[in-house]
1. Under the rule of at least 5 residues apart or a separate chain, name every residue whose amide H is placed under 5 Å from the amide H of residue 135.
2. Taking H as built 1.01 Å from N, whose amide H comes closer than 5 Å to the amide H of residue 178, not counting residues under 5 places away?
3. Between residue 298 and residue 128, what is the label-to-label distance in nm when each label sits 7 Å out along the Cα-to-Cβ direction?
4. GluC sites (Glu not before Pro), restricted to the stretch 76-132: which are DSSP loop and have at most 16 other Cβ atoms within 10 Å?
5. Along the charge dipole of the stretch 93-205, which of 121, 178, 138 sits closest to the positive end, that is, farthest toward it, with unit charges on the beta carbon of Lys, Arg, Asp and Glu (+1, +1, -1, -1)?
6. So if each residue of separation counts as 0.36 nm, and I subtract the Cα-Cα distance between residue 111 and residue 50, what length gain in nm does that give?
7. What ranking of 127, 177 emerges when the number of other C-beta atoms within 10 Å of each C-beta is taken as an exposure proxy, fewest first?
8. May I ask you to compute the full-extension gain from residue 177 to residue 190, defined as 0.36 nm times their residue separation minus their alpha-carbon distance, rounded to one decimal in nm?
Amino acid sequence: MRITQSEPYVSAAMRHVHNAQANGGGNWPEALDPVLEPSLIDDAVDEIRRWPGYRPTPLIALKGLSDELGVAGVWYKDEATRFGLGSFKALGGAYAVLCLLRQILTSKLGKSVGTEAIRSGEYRTETREVTVATATDGNHGRSVAWGAQQFGCRCMIYIHAEVSAVRKQAMEAYGATVVRVNGNYDESVRQAAADAAERGWHVVSDTSYPGYTELPQRVMAGYGLMVDEVLDQLPPDQLPTHVFIQGGVGGLAAAVCARFWQRLGDHRPRTVIAEPDQADCLYRSALHQKPVAVHITEESIMAGLSCGEVSQLAWNVLHHGANDFITIEDSLIGPTMRALAEGLGGAAPIVGGESGVAGLAALIAVGADPSLAAALGLDSGSRILLLGTEGATDPEIYRDLVGRAAETVLG
Ligand SMILES: Cc1ncc(COP(=O)(O)O)c(C=O)c1O
């Protein structure tokens with residue numbers, strides 16, 4: 001593969017580990033059903049497609065980039081417009097809030113309560129009594145806050161010291177109370193869990209830990225919708241051979257890996273996970289073949305990926321299904337965002353946020369490293385799917401990195 005960048009990457013050191021444990025062929029193993037069974041994703045897909053304002057996000061062919069890389073195709077699924085929230089996370093947290101309310105109402109009222117009745121506000125008196133809480137670096141919290149507002153319950157959000165004021169305000173705009181914790185993301189997770197236990201709130205987390213799996217499972221099920229959309233959007237003879245996905249706690253990557261496996265069996269794409277150098281918990285877990293926590297001493301510019309502990313459920317899928325794990329440096333992110341904004345390889349300008357472009361940044365960096373490209377099995381027949389998981393979720397940071405506001409880029 002070859003790639004020329006108008007703006008050379010600074011210090012593109014990457015680490016790669018191949019997960020020999022990953023099941024190369026075969027169908028989705030039934031043994032993984034307890035982690036994320038197909039019907040859970042079917043339910044989420046069916047539900048979210050009914051929400052007002054739902055429409056599939058665009059899948060954009062980056063023809064010029066695939067020519068430069070010498071591969072058969074590169075597609076970028078642009079999640080910037082998802083339900084007006086700016087990221088794919090709109091699919092997860094909000095859906096989990098709805099599932100939680102259905103469960104609470106069903107047990108409280110002693111009858112089966114449908115999601116449509118909750119959405120229509122029929123149970124507002126009861127839902128107002130419920131408080132959901134979560135820790136977040138921004139996007140998940142925005143989804144939970146939006147879901148709480150839509151479905152009529154209260155919402156407490158915990159953010160860590162480095163989460164920007166703009167991201168905080170975005171959650172407050174959906175009616176959430178936002179608490180800033182003096183620590184990192186993992187500390188905000190612990191604080192949210194402790195306060196919720198004391199006050200009878202319900203934690204709606206996107207990361208699972210021992211004894212807490214049900215709602216993270218629903219969050220991941222919601223993410224699965226992106227794969228169903230991609231499979232509707234691509235002709236059957238153009239299915240991806242590779243998917244490059246950015247990892248935080250791994251929930252997104254696990255959901256995408258699982259859904260492709262469930263839908264395509266043997267023909268599922270090779271799953272390549274990209275993480276920030278400073279928050280490489282998935283990479284290290286793959287290296288040691290068990291969940292390994294990382295103490296984050298410096299926050300990555302990829303705020304949504306700056307997580308030090310893998311989600312237990314996600315790991316169960318990734319351990320068996322993810323083929324490769326790579327780390328990338330923060331220095332790749334600004335140039336990648338600018339390249340997208342300028343119209344990468346002749347494509348129309350795209351607004352991609354810091355975490356959202358990580359998979360693309362990794363692909364471009366791999367393209368400049370022939371031995372790594374070969375190790376990942378990339379060649380002229382490869383078709384690569386990228387998930388552009390966020391737009392300018394923090395407009396100030398976006399403007400600083402790109403030099404122009406997102407609205408100007410879209411012109
Ligand atoms: C934009 C974006 N992309 C990717 C991710 C990674 O998702 P996960 O933490 O499930 O791995 C996040 C997480 O917050 C995110 O905000």
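Please treat every number below as a calculation from the coordinates, not as lab data. The structure displayed is predicted, hence computed values, not measured ones. Quick reminder, even Gly has a Cβ in these numbers, built from the backbone with ideal geometry, and neighbours come from all protein chains shown.
1. Amide H neighbours of residue 135: 158.
2. 157
3. 5.0
4. 122, 129
5. Result: 121.
6. Details: separation 61, 0.36 × 61 = 21.96 nm, distance 2.27 nm.
Extra length from residue 111 to residue 50 when fully extended: 19.7 nm.
7. Values: 127 19, 177 14.
Placing the least packed residue first, the sequence is 177, 127.
8. Details: separation 13, 0.36 × 13 = 4.68 nm, distance 1.74 nm.
Taking residue 177 through residue 190 to full extension adds about 2.9 nm, to one decimal.
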